[in-house]
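Report on the following structure.
Nothing in this text is a laboratory measurement; each read-out follows from the coordinates by a stated rule. Computed from a predicted structure; not experimentally measured. Glycine gets a Cβ as well: all are built from the backbone with ideal geometry, and neighbour counts include every protein chain shown.
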Amino acid sequence: MPLPLRRLSSPLRRSLSTAASRPAWAMVYRISTAEESARGASLSLAPPPLPSRVTVPKRAFALDPLPAADRRFINVFGSSVLAASGHGLLLLGAYKNRANAFEMFEDRPPSAVPFEVLDQVYERWCCSDPMRLARFVCNPVTGEMARLPDFDGTEDAFAASTGLLTHADGGHGPPKRYAAAQLSVVDRGRRFLLRRLTSETGKWDELLLPSPLPPGRRMHMNHEVLDFGGRLWWVDVSWGALNVDPFSDRPELCPVELPGGSMLPNQQSAIEMWQLLLHRRMGVSDGRLRFVEVSEEPFRIKSFTLGGDSGRWTLEHQVSWRTLYSDAKATPLIAAIDPLNPDSLYFTVLVGKASCLSVDLSVPVGKALCLGVDMRSKRPTESMALGGGGVHPSKCNSSFVLPCVLPSFLGSSSIPGKNGLMKNKTLADILVRSDKQPNA
């Protein structure tokens, strides 16, 4: 059952910061929320290791009215942060459906007021209609949102991993164009379907590409898509990543394997991959690709960097978890790789569970902390309790935040592209802007 659920009765608190007070980057909480009166998106900023929250306007969901006489169903909706680009733009997903109220609320249906599902993974077992999903490119500082066109007749459009790539003139300054792309496995893993859209065209196209993976190996893409080196990277934490240039006239999937000791020889199940994701992350820091893993007990953290010329991974840091945190009952989960400081990592520490990496999220969490660590000096730098501001400790597993850089130009730049060409009116607003834009 999708929990928690919240009736929309009062506006949420909004916060837009100025460039002077804005941190250089944010740990963006992937579960976003809706606000009745908002004209655009807003980012309630908090300096790491605290998560920052995204709020979207409720009208972006364009919820259909329900028949007055039929109280069996209720509109449910939710939204999440799907990806972040290297220039600070976000890709948001807003979904809605119609659910059986008696199944959701145990024979106690609420009023016809829509309910917001506050969960990163939307449970669909109680819903009666096909999932409807809209994607937006968002400037988190100004609140500007540009809706992407919908896919036509695709059943896997909701689940497949989608990334956002931005380009700037000369590699510096505000982005001048972007590409959104989605990769999904077809033909039993023998090929991939690449859906892509560029801001110049404003339209999706589809390409079938051969799989560069070893025969019989299938890709599990439950990791966020990365923007790195002018390419989008889809990550499988059991063996490596595939990257592609979505702007290319002839895109080609290029594989990059994990460090030799980290590659798993056998195909992993979906459940095994979710558990593996708890203690393995890939990310971009200081312009280079990084990979971090936590070994099984006794926990040991290893940090690798991909060489730009050699294409090989180099072990940069390793440290025992006991050196950083003394509580033997605490379970370390990788929360984020600092995008600016390659020596800095952030871990979620769950207290109140068995000290293992196979975390059962049905077991109550006594306390959740976010711990900043300096891998070079092998010491903790900061620790903050999680649980306030709508962040529930049971949701603070791996992947609950996305690192997002916040360059100073975001406060005065617009989302590039031919947004006026997007004619799909199933949502109320194609392009919405914040009523208050901070100065750069």
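Could you compute the FRET efficiency for residue 63 and residue 200, with r as their C-beta to C-beta distance and R0 at 25 Å, rounded to 0.05?
0.15
Divide, for region 265-356, the radius of gyration over alpha carbons by 2.2 N^0.38 Å, where N is the residue count.
Taking N as the residue count of region 265-356, the ratio is 1.14.
Which pairs break 29 Å Cα to Cα here: 96/367; 96/302; 176/203?
Going by Cα-Cα distance, 96/367; 96/302 fall outside the 29 Å limit.
Apply the a/c threshold of 1.5 to the C-alpha gyration tensor of region 188-243 and tell me whether it is rounded, prolate or oblate.
Since a/c reaches 1.5 but b/c is at least a/b, the shape of region 188-243 is classed as oblate.
So how much slack lies between residue 322 and residue 382, counting 0.36 nm per residue of separation and subtracting their Cα-Cα distance, in nm?
20.0 nm
By average Cβ neighbour count within 10 Å, what is the ranking of 168-176, 242-250 from highest down?
Sorting 168-176, 242-250 by mean packing, highest first, produces 242-250, 168-176.
So, in nm, how far is label residue 208 from label residue 103 when the simple model puts each one 7 Å beyond its Cα toward the Cβ?
Calculated label separation equals 3.4 nm.
How far is it, in nm, from the label point at residue 252 to the one at residue 343 when both lie 7 Å from their Cα along the line to the Cβ?
That separation, rounded to one decimal, is 3.9 nm.
Pull out the extension gain between residue 270 and residue 309, defined as 0.36 nm times the separation in residues minus the alpha carbon to alpha carbon distance; nm, one decimal.
Additional length available on full extension: 10.7 nm.
For a quick check of your reading of the filter: which GluC sites (Glu not before Pro) in region 271-311 sit in a DSSP loop and have no more than 13 other Cβ atoms within 10 Å?
Hits after loop and neighbour filter: 296.
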